[in-house]
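The values are calculated or read from the model by the stated rules, or taken from the named source; none is laboratory data. Fair warning: this is a prediction, and the values are worked out from it, not measured in the lab. Cβ sites come from the backbone with ideal geometry, for glycine too, and all protein chains shown count toward neighbours.
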Amino acid sequence: MEFSSKLLENAVYEMSQLPGIGKRTALRLVLHLLRQPESQTAHLVSALGTLRKEIKFCKNCHSISDDQICDICSNNSRFKDIICVVEDIRDVMAIESTGQYRGLYHVLGGKISPLDGIGPQDLTISSLITKAKSGEVKELIFALSATMEGDTTNFYIYKQLEEITIKTSTIARGISVNDELEYADEVTLGRSILNRIPFENALKNP
Ligand SMILES: [Zn+2]
């Protein structure tokens, strides 16, 4: 792509660093912004800048939060003894939109993936185990995507919990095989949380 303007080229380059945005799309977005009032670009830049500066991670569930403790963890009407284990905030948003779940979450920040160099120490697994061993948690619901990495992560956590008495379950299979949780429709996802199965059963029928 040949640019006659260095300023334009820089803006397109930065935009194209985003996932799923190729050079052509980046150019279209940048030209769109140029056609809009200058204030729109200022609002965009300001929103992103403020987000990066002020965003926090909830001390309890590790989800993205505006405060030290997120709205879900600080909500007294939620069941504090059921924890749904998810990969990232997109899963929290997907499950929240079903309106079927009243427990808390634990955001791992990814999945164990040796090929990508992601091990248990790179995720928030140790804080989950500590929470589970505190005796205040009755049930852990695994809601990671049904990929090899998701299965490996579930199993790793499950093994860490062997010596303690805690119920472990997993959301119904088939809703997210090789698919991301966020794409399951709300009704199906809601039903699969209500009809979750004991984790041991999922192990017998992989
Ligand atoms: Zn939280």
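A search for C-beta distances below 7 Å between a residue of region 53-73 that is farther than 14 Å from residue 107 by Cβ and any residue that is more than 6 Å from the ligand (Cβ to nearest atom) and of a type outside the set (Phe, Trp, Tyr), counting only pairs 6+ apart in sequence or on different chains, returns 66/56; 67/56; 68/56; 68/59.
Applying a threshold of 8 Å to beta carbon distances and a minimum spacing of six or more residues, or different chains, the list of pairs starting in region 13-40 at a residue that is polar (S, T, N, Q) and ending at one that is not in a helix (DSSP H, G or I) reads 16/22; 25/16. Considering (1) of a type outside the set (D, E, K, R); (2) away from the ligand (no atom under 16 Å from the Cβ); (3) under 29 Å from residue 148 (Cα atoms), the lone condition that residue 106 does not fulfil carries the number (2).
Just checking, does region 52-63 include any residue being of a type in the set (S, T, N, Q) and touching a Cys at 6+ places or on another chain (Cβ under 6 Å)? Steps first, please.
Initially, region 52-63 is screened for residues of a type in the set (S, T, N, Q), giving 60, 63.
Those still in the list that are touching a Cys at 6+ places or on another chain (Cβ under 6 Å) too: 60, 63.
Within region 52-63, one or more residues are of a type in the set (S, T, N, Q) and touching a Cys at 6+ places or on another chain (Cβ under 6 Å).
Criterion applied to 125, 157, 118, 141 was being buried (at least 16 other Cβ atoms within 10 Å of the Cβ), more than 14 Å from residue 85 (Cα to Cα) and at pLDDT 85 or above, and the one residue passing it is 118.
Within region 79-121, being among the hydroxyl-bearing types (Ser, Thr, Tyr) and either more than 14 Å from the chain's Cα centre (by Cα) or not in a strand (DSSP E or B) (or both) holds for 97, 98, 101, 113. It is to be established whether one or more residues within region 37-51 are within 14 Å of the ligand (Cβ to nearest atom) and either of a type in the set (S, T, N, Q) or farther than 12 Å from residue 106 by Cα (or both). Looking through region 37-51, none of the residues is within 14 Å of the ligand (Cβ to nearest atom) and either of a type in the set (S, T, N, Q) or farther than 12 Å from residue 106 by Cα (or both).
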